[in-house]
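The values are calculated or read from the model by the stated rules, or taken from the named source; none is laboratory data. If you're wondering where the values come from, they're calculated on a predicted model, not measured in any experiment. Cβ: placed from backbone, ideal geometry, glycine included. Neighbour counts: every protein chain shown. For the accessible areas, the whole protein counts, side chains as well, though only heavy atoms, and no ligand, DNA or RNA atoms are used. Shrake-Rupley method; radii C 1.70, N 1.55, O 1.52, S 1.80 Å.
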Amino acid sequence: MGADTKSLRLRIKSVDSTLHLTKAMGLVASSKIRRAGDAMQKARAYASAVKAAVAPLASGADAANSPYLRTDGDRTVLIVIAGDRGLCGGYNANVFRLARQFPDARILPIGKRAFERFGGTLYSSETMTPAAGLSLAQELCDGFVKEEFDRLGIIGTRYVSMMTQEADISWVLPLQKPENAPRSGMIFEPDAMTILNAALPEYVAGLLMAAVRESFASEVAARRMAMDSAGKNAQAMIDELQLAYNRARQGAITQEITEIVAGSGQG
Amino acid sequence: MNTFLLSITSPDGHLLHEKVYRLSLRGAEGDLAIMAGHIPFMTTVQKGEVRIIRADESVLTGTAEGGILTVTETETVLLSSGFCWDT
């Protein structure tokens, strides 16, 4: 019983405090999951409503001259949505890996981790407001119309289920001309192209906020899974160390008894 | 009293989804009102007051920062990323 048991005891204590940390982070993630999921559903509903509204505008012949439908050039701007924190498995790494496939793109980060990596303006992926999204979308639409760049994409994480989230890129601009969008004699005031050009910032903001909310829901789910599995590993490690500690302690006691017995035999 | 289905949607979700009697707001070319049986129509919404007379004749008012108004035969949809109800 000496240095060996002491170092084992210290390691058990250290792994135990890690276990407490992972449990606490897992509980925080669990409490956020429902709210993040609700926000994701609402933002998805808004994005699909905006898409449905823009489709008949973009499909008409009168929209062909809209600056948002030009397809020349390949200067790319990418909005990269990562988390505000780490300890969420491969969530941030998967997003950055996808962003690395576009080395020439100008990156606009959302989330503290992306901001630390790429610089620029700090937007929180958890608390970004629709107003901030609309202002960023307005800025990007102005840049696209002034031909400062030629395509706009969003790299975020698609929420498949609690267990699965996938890093994903979606292209927002130039606008894809939808096939067979119904117009059914609709009257446009003042005209389809003017409405299209005025509605585009709302459209980009809708897709952006949907991606931000979906990525945050993915982050929270990924963190819960990561903390769950880290907690299990820590518990397994504690069990193993405890066994080694008990063996060492037992060995030391046995040795002590043997020494006492041997000592009394000599006397 | 003829009513029509009105949806007001923002990134915060559906703010209203019910049958109403009249919707008034500021469109691209000035103030307008939508009632049941309006022709299919689309315009941008200017920043300003949105006034709704519900089926029970109570009045709801809110403020839109902008948006898109779409009137179809089945539903009228106001999409606005900046909409709040007056308290």
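Across segment A:37-47, a minimum of one residue is classified as within 14 Å of chain B (Cβ to nearest Cβ), in a helix (DSSP H, G or I) and of a type in the set (Phe, Trp, Tyr).
Filtering segment A:192-230 to residues that are away from chain B (no Cβ under 14 Å) and open to solvent by 10 Å² or more (accessible area, probe 1.4 Å) leaves A:ALA222, A:ARG223, A:ARG224, A:MET225, A:ALA226, A:MET227, A:ASP228, A:SER229, A:ALA230.
Do we find that A:ALA234 is touching an Asp or Glu at 6+ places or on another chain (Cβ under 9 Å) and not β-branched (Val, Ile, Thr) in this structure? The answer is yes for A:ALA234. Of all the residues in segment B:3-27, those that are in contact (Cβ under 8 Å) with a residue 24 or more places away in the chain, under 17 Å from A:ARG44 (Cα atoms) and open to solvent by less than 50 Å² (accessible area, probe 1.4 Å) number 6.
When restricted to residues that are within 14 Å of chain B (Cβ to nearest Cβ) and over 21 Å from A:LEU207 (Cα atoms), segment A:55-85 contains 2. A:GLU240 meets all of the listed conditions (1) under 15 Å from the mean Cα position of the chain (by Cα); (2) away from every other protein chain (no Cβ under 14 Å); (3) open to solvent by 30 Å² or more (accessible area, probe 1.4 Å) but one, namely (1). Here A:GLY83 meets the list (1) assigned to a helix (DSSP H, G or I); (2) within 30 Å of A:THR121 (Cβ to Cβ) almost entirely, failing just condition (1). Can you tell me which residue in segment B:63-87 is farthest from the other protein chains (Cβ to nearest Cβ), limited to those that are in contact (Cβ under 8 Å) with a residue 40 or more places away in the chain and of a type outside the set (Ser, Thr, Tyr)? Selected residue: B:TRP85.
The residue that is farthest from B:THR61 (Cα to Cα), counting only those in segment B:1-27 that are modelled with pLDDT of 90 or more and not in a strand (DSSP E or B), is B:ASN2. Of all residues in segment A:43-98, which are surrounded by fewer than 18 Cβ atoms within 10 Å (Cβ to Cβ) and on the phi > 0 side of the Ramachandran plot? Answer for segment A:43-98, where residues must be surrounded by fewer than 18 Cβ atoms within 10 Å (Cβ to Cβ) and on the phi > 0 side of the Ramachandran plot: A:GLY73, A:LEU87. Residues satisfying the criterion are absent from segment A:15-33 (criterion: under 30 Å from B:PHE83 (Cα atoms) and not in a helix (DSSP H, G or I)). When segment A:99-147 is filtered for residues that are crowded, with 18+ Cβ neighbours inside 10 Å and of a type in the set (Ser, Thr, Tyr), the ones remaining, listed by number, are A:TYR123, A:SER125. Do the conditions hold for B:GLY27, that is, is it at the interface with chain A (Cβ under 8 Å from one of its Cβ atoms) and under 28 Å from A:ALA36 (Cβ atoms)? In short, no. Return the residues of segment B:28-69 that are part of a strand (DSSP E or B) and open to solvent by 60 Å² or more (accessible area, probe 1.4 Å); say none if nothing qualifies. Across segment B:28-69, the qualifying residues are B:ASP31, B:MET35, B:GLU49, B:ARG51, B:ARG54, B:VAL59. For segment B:75-87, filtering for residues that are touching a Phe, Trp or Tyr at 6+ places or on another chain (Cβ under 9 Å) and open to solvent by 20 Å² or more (accessible area, probe 1.4 Å) leaves 1.
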